[in-house]
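Scroll down for the structure; my scribbles are underneath it.
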Amino acid sequence: MGIFDTIKEKLSHEFIDIIEWLDYTDDTIAHRFERYQNEIKNNAKLIVREGQTAVFVNEGQLADVFTPGTYTLNTQNLPILATLKGWKYGFDSPFKAEVYFLNTHLFTDEKWGTKNPITLSDDRFGLVEIRAFGTYAFRINDAGKFIKDIVGTDNNFTNFEINEHLKSLIATRFTDTVGEAKLPIELYAANTTELSETCKEVMQPEFLSVGISLEKFYIENVSMPEELKKEIFEYSRIDKLDLDKLTKFKTAKAIEAAASNEGGTAGAGMGMGMGFALAQQMGGAMMGGAPQAARQPQAAATPPPMPAATQYFYAHNSQQQGPVSFEQLQALFASRTINRDSLIWKQGLTEWKALQEVEELKSFLGGNTPPPLPGV
């Protein structure tokens with residue numbers, strides 16, 4: 001071997017490329033290995049560490065993909081690239097190719113949330129609005145597809161760049177899923193685990209279509225307006241209580257409140273009652289000399305029997321319900337079990353009528369203005 005052959009061999013060993021990527025960040029998904037004019041020498045060493053994948057791109061076309069390991073780059077280890085470049089008998093000169101390293105570890109604790117309230121239709125409360133937020137985790141599943149469809153020519157692609165796209169996708173699919181679930185509004189917050197699993201199954205195909213695998217998806221909270229929450233709590237309590245007992249309880253509380261309001265009408269009425277009683281006592285004292293027989297009241301006549309309370313029947317879910325009293329029917333209206341269009345029947349009616357057409361039930365609808373006087 002001549003002196004020039006020795007020098008050539010020495011230099012070729014000294015300048016063999018080592019292609020590797022040491023990731024010092026937590027958010028980089030794809031990194032393009034920078035070389036001068038993208039030239040890579042024959043027999044260069046490629047080092048792909050655990051949690052990485054290397055992708056070779058030739059003139060914008062996906063060439064070869066390498067999983068973790070150490071490789072010597074030649075026509076045997078670059079079969080697709082060799083085919084693209086037409087190397088029939090090997091190659092000795094440097095070749096051009098872009099090398100992308102992809103981080104394939106699990107990206108965890110990524111945040112998602114609904115930017116705007118989601119409007120749902122509930123059978124009892126009508127149109128309601130909810131918000132939701134949570135976390136998800138993903139990893140790169142198909143490096144070649146991810147480079148081709150998402151990264152493009154970006155030399156340093158971070159999870160921040162893909163997160164905006166993923167969060168929009170999640171919010172859209174979450175809205176579709178909860179809309180089709182048609183659960184009672186109060187059960188969304190109580191079934192976050194089942195809802196999370198369903199959403200993950202719905203979203204997974206769209207993630208895989210761009211080379212990403214959705215590994216975990218969590219709904220941490222489903223919230224609603226405070227006034228709706230209070231209404232749901234009130235409805236749940238009414239649903240568990242005996243309506244007749246609830247009506248009596250509220251009536252007793254109303255009487256108690258009226259009695260304690262000394263400045264109001266009820267307080268004035270009670271004061272007048274006490275005044276009449278005192279006047280009767282004083283009158284009796286002043287008539288002390290009157291004959292005893294004159295002061296004794298006549299025997300009161302026997303009162304007639306109390307009229308029977310009207311009983312009502314109502315239609316709910318196409319089923320006849322009842323009978324119920326006026327107070328119970330009023331409580332059913334307050335809890336939205338029935339409404340102004342619900343069908344009602346009572347003794348004396350020839351057919352079922354809407355609640356708003358029954359005279360004594362119109363008070364449920366509000367409005368206390370009396371009709372005009374006759375003849376005026």
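The values are calculated or read from the model by the stated rules, or taken from the named source; none is laboratory data. In this text the structure is predicted, and so the values were computed from the model without any measurement. Backbone-built Cβ (ideal geometry, glycine too); neighbour counts: all protein chains shown. For accessibility, only protein heavy atoms count, side chains too; no ligands or nucleic acids. Shrake-Rupley method; radii C 1.70, N 1.55, O 1.52, S 1.80 Å.
Heavy-atom surface analysis with a 1.4 Å probe gives segment 298-365 a carbon and sulfur content of 50 percent of its accessible area. For the listed peptides 191-198, 348-355, 217-224, 94-101, a ranking on the average number of other beta carbons within 10 Å per residue, highest first, reads 94-101, 217-224, 191-198, 348-355. Given R0 = 56 Å, the distance between the Cβ atoms of Gln61 and Glu226 translates into a calculated FRET efficiency of 0.45. Accessible surface calculations at 1.4 Å, restricted to protein heavy atoms, place segment 116-162 at 50 Å² per residue.
If the segment from Asn339 to Asn74 were pulled out straight at 0.36 nm per residue, it would be longer than the present Cα-Cα gap by 87.4 nm. My understanding is that a pair violates if its Cα-Cα distance is over 25 Å; which of Lys115/Lys148; Lys96/Lys145; Lys111/Lys200 do that in this structure? Over 25 Å Cα-Cα: Lys115/Lys148.
If the chain linking Thr251 and Asn43 were pulled fully straight, counting 0.36 nm for each residue of separation and taking away their Cα-Cα distance, it would gain 65.5 nm. Rolling a 1.4 Å probe over the protein heavy atoms of segment 44-184, with every protein chain left in place, gives an accessible area that is 47 percent carbon and sulfur.
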